[in-house]
Structures are given as structure tokens and as C-alpha cells.
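Q: First, the structure itself, so that you have it in front of you.
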Amino acid sequence: MHLRLDLPLPASADRAAALLADPQFARDAASAAGAGLDHVELTGSPDGAFTVTTRRSFPADQIPAHLRGFVGGRIDVRQVDAWEAPRADGSRVGTVVVEIAGAPVRLTGRSSLHEQAPGSTLVTYEGELRAAIPLFGAAVEQAAAGTIRTAFATTAEVARAHLS
């Protein structure tokens, strides 16, 4: 399943990158989404290339009851966002991987960050969400996509609050 998520931010590209690299932002976004943040690690610097790795746990009640048997009582999510150094115009590209532990569900894709106008930046995540489960793969992908979209909407709210 193809998934695209856009995050418009009221900030310059360098300020948006600094936010995405901030471990406190990751903690606040996880908390607002109702997740526990088990781990957050930043390597590199928002001035250059950087990678943010998070491990979060969500209650399984966020997915339909008939699909909970595939993930158990909670959903453990590992996300790795690797951003390249900024280009001359401040834009960036990167990769994103989201894995659900204990379930064969994975999102892999590309990310981009570019300033649309002074003080307005668009961060985009686009990739393929796959659930390698015979017969139920499409239903699990739909449920996972819904959970990802909900968490992403909450992350967008937290991002705007951090930037205001």
C-alpha cells in the first residue's frame, strides 16, 4: 500500500530540521499520541546529516480487535529517519523506515524537506507499507496505515506547538 504523509510547518527549513532532530520533540510527540517512548537516539547534527531512531509502544486498542492477534497487547514501533545534509537551498532528502516489532509490517520510503515560502516548510514522507501476512495482509496494512496517519496528525500538532 502506498502511503504519503505531508507535514506543513510554520518554520524555515533549518528550523524545521532542528525540530525533527530534537529528542524532546520526539518525546512530546510520542506522549501526545498516547505512546510510551522507550528509546530516542540522535546521531549527527541538524547542521549536517543526521539520523533519529525512536522506539515507541502503543496500546493495541488502536487497531481493530480482529487483527490484534497479529500484534499482541501492544504495538512496538521502531522508526529510523535518516536525513542527508542540507542542499544549497536548505532542502533535504532522506529515508524513513517504520517497523512494527512482532508483526511482519514495515513502511519504507523517502522523506523530503523543503521551504515553500519564507517561514513555511513542507516535510513529506512517502513510501510503501507492507504486511507480509497471508490472506490478512491488506486488512493489516489498512489498520497500520490508519494508526500511522493518526500518530502523524498528532505529531503535526506537537510540531506546530513547538514552533509557536
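Q: Note down the nm distance, to one decimal, between modelled labels 7 Å out along Cα→Cβ at R110 and at T95.
A: Label at R110, label at T95, 1.3 nm between them.
Q: Next question, about the same structure. How tilted is helix 137-163 with respect to the longest principal axis of the chain? Cα atoms for both, answer in degrees (0 to 90, nearest 10).
A: The helix 137-163 is inclined about 30 degrees to the chain.
Q: Something else: Specify the inter-centroid distance of region 82-119 and region 128-144, based on alpha-carbon positions, in whole Å.
A: Computed from Cα coordinates, the inter-centre distance equals 22 Å.
Q: Continuing with the same structure: If I model a spin label at R87 and A32 as a point 7 Å from the Cα along the Cα→Cβ vector, what separation in nanometres do I get?
A: 2.8
Q: Hey, another quick one. Quick check: the angle from helix 23-32's long axis to the longest principal axis of the chain, C-alpha only, nearest 10 degrees?
A: 40
Q: What does the charge add up to near Q79, with Lys and Arg as +1, Asp and Glu as -1, over the other residues with Cβ less than 12 Å from its Cβ?
A: Numbers: positive: R55, R56, R78, R106; negative: D38, E41, D76, D81, E99.
Net of charged neighbours comes to -1.
Q: To the nearest 0.05, what FRET efficiency results for I133 and A153 with a Förster distance of 41 Å applied to their C-beta separation?
A: On the way: r = 26 Å, r/R0 = 0.62.
Working from the Cβ atoms, E equals 0.95.
Q: Still on this structure, please answer the following. Mind giving me the nanometre distance, one decimal, between the label points for Q142 and A117, set 7 Å out from Cα along Cα→Cβ?
A: A separation of 3.8 nm, rounded to one decimal place.
Q: What is the sum of charges around L163, taking Lys and Arg as +1, Asp and Glu as -1, for the other residues whose C-beta is under 15 Å from the C-beta of L163?
A: -3
Q: Rounded if a/c is under 1.5, else prolate if a/b beats b/c, else oblate: with a ≥ b ≥ c from the C-alpha gyration tensor eigenvalues square-rooted, which is the chain?
A: Details: a/c = 2.03, a/b = 1.78, b/c = 1.14.
Here the chain falls in the prolate category.
Just so you know, all these numbers are worked out from the coordinates, no wet-lab data involved. This is a predicted model, so every value here is computed, not measured. No Cβ is skipped: glycine too gets one built from the backbone with ideal geometry, and neighbour counts run over all protein chains shown.
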